[in-house]
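Trainee: I have a structure here, written as structure tokens, and I will follow up with some questions on it.
What follows draws every value from the coordinates through simple rules; no lab data is involved. In this text, all values refer to a predicted model and were calculated from it rather than measured experimentally. Note that we place each Cβ from the backbone using ideal geometry, even for glycine, and neighbour counts take in every protein chain shown.
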Amino acid sequence: MKMTAAAFRRWEAKSVTLIGMSGVGKTYLSSRLRQAHWFHYSADYRIGTRYLNEPILDNIKSQAMQIPFLRDLLRTDSIYISNNITVDNLTAVLTFLGKLGDPAQGGLPLIEFQRRQKLYRDAEVAAMLEVPTFIRKAREIYGYRHFINDSAGSLCELDDEDVLKILAEHTLLIYIEATPENGQELLRRAEAEPKPLYYRTEFLATELARFMSSRGLLTSEAINPDEFVLWMFPRLLQARVPRYEAIAHQYGYRVSADTLAQAQSENDFLNCLEGVLKQAHSHA
């Protein structure tokens, strides 16, 4: 939603959505606010525990069934497998999303990769559409006054206007802009530990064709999974920036990651947002 700094100050029960690339500080800041008694709604946690819980477990079980010792125990219901997804540990979600490429190197065939990408995208849409419900639950059931929506880094890739309108209607959207230094740090992290990512269908098709052509590959199953992730990451980063900027321009506001990183307390955070709103409306 759009509002003035004065209106934000008077807003007794605040609801804020943080958007931006993974790694710019959304979860860190949300966790700090949770300690100040804000309700922390983690998109990836909700995705993993509600919408992808069964597919994640099925994937783990299919791997376990390839081990004779575990296969016999699972078939006789002697053991069970459960997820232990937390806000700070989303490894099971990333493992399910997977990487495209050679199965012998831990990659997924293209059709299966696309299937999981669609499942993740649909799950993220559903989790974001639930935000108004959780705002109400946070206050009426759990007694939280303020609400922070820690969105996934792929929010700008969903191409779903209903999601953006719902978030803008019920929350203040704040886009955390990565500085050049932040961008370099994100690239360094990606190189050190290539992680699975969500890609828009059209973006994936275009960049996959370019990657295979540049490597002289005939099938996607010949791809080195980590090499493909490293190829995609800087291109994904570049492609997402204008999308986030467009969302912030239409529905919310933008603040530098460095500026927001200086917020060490709830008051610092609120003062920072007031400053952002004052600056935005002074230029309007």
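Trainee: Give the residues of segment 23-39 whose amide nitrogen is closer than 15 Å to a point set 7 Å from the Cα of residue 86 in the direction of its Cβ.
Mentor: Those under the cut-off are 28, 31-32, 35.
Trainee: Round to the nearest 10 and give me the degree value, 0 to 90, for the angle of helix 225-251's Cα axis relative to the longest principal axis of the chain.
Mentor: Helix 225-251 and the main axis of the chain meet at about 30 degrees.
Trainee: Could I ask something else about it? Expressed in nm to one decimal, what extension gain is obtained for the pair residue 104 and residue 267 from 0.36 nm per residue of sequence separation less their Cα-Cα distance?
Mentor: Additional length available on full extension: 53.6 nm.
Trainee: Given axes a ≥ b ≥ c from the Cα gyration tensor, I'd like to know whether segment 21-156 is rounded (a/c under 1.5), prolate (a/b larger than b/c) or oblate.
Mentor: Cα axes put segment 21-156 in the prolate bin.
Trainee: At 7 Å along the Cα-to-beta-carbon direction for both residue 7 and residue 54, put a label point, then send me their distance in nm to one decimal.
Mentor: Simple spin-label model gives 4.2 nm for this pair.
Trainee: Another question, if that's okay. Step through the residues of segment 64-80 one at a time and calculate ³J(HN,Hα) from phi using the Karplus curve (6.51 cos²θ - 1.76 cosθ + 1.60, θ = phi - 60°), rounding each to whole Hz and writing x for Gly and Pro.
Mentor: 5, 5, 7, 9, x, 4, 6, 4, 5, 5, 5, 5, 9, 6, 7, 9, 9
Trainee: Arrange 11, 38, 231 by Cβ neighbour counts within 10 Å, fewest through most, would you? Spell out each step's value before the answer.
Mentor: Values: 11 15, 38 22, 231 19.
With the sparsest Cβ surroundings first, the list reads 11, 231, 38.
Trainee: How high is the relative contact order of segment 5-277, in percent, counting Cα pairs under 8 Å that sit 6 or more residues apart?
Mentor: Working: 367 pairs, mean separation 87.5, N = 273.
RCO, segment 5-277: 32 percent.
Trainee: Also, I was wondering about something else. Counting helices only, and only those DSSP H runs with n ≥ 4, report the 222 nm mean residue ellipticity of the chain as the sum of -39,500 (n - 2.57) divided by its residues, in deg cm²/dmol to the nearest 500.
Mentor: The helix-only estimate for the chain comes to -18000 deg cm²/dmol at 222 nm.
Trainee: Now for a separate question. Shape verdict for segment 5-277, please, from the Cα gyration tensor: rounded (a/c under 1.5), prolate (a/b greater than b/c) or oblate. Let's see the in-between values first.
Mentor: Values: a/c = 2.20, a/b = 1.41, b/c = 1.56.
Cα axes put segment 5-277 in the oblate bin.
Trainee: If you don't mind, there's one more thing I want to ask. Filter the GluC sites (Glu not before Pro) in segment 103-146 down to the DSSP loop ones having no more than 12 other Cβ atoms within 10 Å, then list what survives.
Mentor: Filter output for segment 103-146: empty list.
Trainee: Can you sort 85, 60 by how many other beta carbons sit within 10 Å, fewest first?
Mentor: With the sparsest Cβ surroundings first, the list reads 60, 85.
Trainee: Going down the list 26/278; 99/195; 2/278, which pairs span over 18 Å between their C-alpha atoms?
Mentor: 26/278
Trainee: Using the alpha-carbon atoms, what tilt in degrees (0 to 90, nearest 10) does helix 26-35 show relative to the longest principal axis of the chain?
Mentor: With both axes taken from Cα atoms, the answer is about 60 degrees.
Trainee: Provide the gained length on full extension for the span residue 65 to residue 185, in nm with one decimal, where the gain is 0.36 nm per separating residue minus the Cα-Cα distance.
Mentor: Once the chain is fully extended between residue 65 and residue 185, it gains 39.3 nm.
Trainee: Counting other beta carbons within 10 Å of each Cβ, put 188, 116, 9 in order, fewest first.
Mentor: 188, 9, 116
Trainee: Can you find, among 239, 59, 27, the residue farthest towards the positive end of the dipole of the chain? Put +1 on the C-beta of Lys and Arg, -1 on that of Asp and Glu.
Mentor: The residue sitting most towards the positive pole is 27.
Trainee: Right, here's the next one. Calculate how steeply helix 266-282 sits against the longest principal axis of the alpha-carbon atoms of the chain, using the helix alpha-carbon long axis, and give the answer as 0 to 90 degrees to the nearest 10.
Mentor: Taking the Cα atoms of the chain, the angle to 266-282 is about 70 degrees.
Trainee: From Cα pairs below 8 angstrom and at least 6 apart in sequence, can you work out the relative contact order of segment 1-126, rounded to a whole percent? Could you put the intermediate results ahead of the total?
Mentor: Working: 79 pairs, mean separation 25.8, N = 126.
About 20 percent, as a whole number.
Trainee: Now a separate question. Between residue 76 and residue 222, how high is the FRET efficiency from 1/(1 + (r/R0)^6) when r is the Cβ-Cβ distance and R₀ = 30 Å? Nearest 0.05. All intermediate terms of the calculation are to be shown ahead of the outcome.
Mentor: Details: r = 39 Å, r/R0 = 1.31.
Result of the calculation: an efficiency of 0.15.
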